[in-house]
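Written below as structure tokens is the structure these notes are about.
Only the coordinates and a few stated rules stand behind these numbers; no lab work does. Predicted, not measured: the structure shown is a model, and the values here were computed from it. So basically every Cβ, Gly included, is an ideal-geometry build from the backbone, and we count neighbours across all protein chains shown.
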Amino acid sequence: MGKKAVSIDTKKGIILLRDTGMCQHEISRKLNVSRTCVRQTIRKFNELHTTATKPGAGRPFKMTRRQKRAIKLQQLRDDTLSLNDLV
């Protein structure tokens, strides 16, 4: 099973309901999201004081921008090189 994306509006709703004193289980039933999602949203809000996703989330690149530029320049100089030769 994969994760389903939760909108920012839903996350704000979780925080608002938590501020009113509602427990996590009731919030998850009312908004139809998992209890894990509610727990993580509240924890991240307490740490970062925002519901937005933190910057830098996701898979890191294997090559830096500098390495990509160098490969492109080599390819422009000599377009007969194979990919293995460029790398």
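If only residues of the stretch 33-45 that are hydroxyl-bearing (S, T, Y) and assigned to a helix (DSSP H, G or I) are counted, the one that is nearest to T10 (Cα to Cα) is T41.
Need the failing condition index for Q75 against (1) without any contact (Cβ under 8 Å) to a residue 12 or more places away in the chain; (2) surrounded by fewer than 14 Cβ atoms within 10 Å (Cβ to Cβ), just the number. Every condition holds for Q75 apart from (2).
Kindly establish whether A5 is touching a residue at least 40 places away in the same chain (Cβ under 8 Å), loosely packed, with under 12 Cβ neighbours inside 10 Å and among the small types (G, A, S). Judged against the criteria, A5 is not a match. If I filter the stretch 46-55 for residues that are outside any loop (DSSP other than H, G, I, E, B), without any contact (Cβ under 8 Å) to a residue 40 or more places away in the chain, surrounded by 10 or more Cβ atoms within 10 Å (Cβ to Cβ) and not β-branched (V, I, T), do I get at least one hit? There is at least one residue in the stretch 46-55 that is outside any loop (DSSP other than H, G, I, E, B), without any contact (Cβ under 8 Å) to a residue 40 or more places away in the chain, surrounded by 10 or more Cβ atoms within 10 Å (Cβ to Cβ) and not β-branched (V, I, T).
Based on this model, can you work out whether K62 counts as of a type in the set (D, E, K, R), within 30 Å of D85 (Cα to Cα) and surrounded by fewer than 11 Cβ atoms within 10 Å (Cβ to Cβ)?
Details: of a type in the set (D, E, K, R): yes; within 30 Å of D85 (Cα to Cα): yes; surrounded by fewer than 11 Cβ atoms within 10 Å (Cβ to Cβ): yes.
So K62 passes the test.
With respect to E26, determine if the residue is in a helix (DSSP H, G or I) and loosely packed, with under 11 Cβ neighbours inside 10 Å. Against the criterion (in a helix (DSSP H, G or I) and loosely packed, with under 11 Cβ neighbours inside 10 Å), E26 does not qualify.
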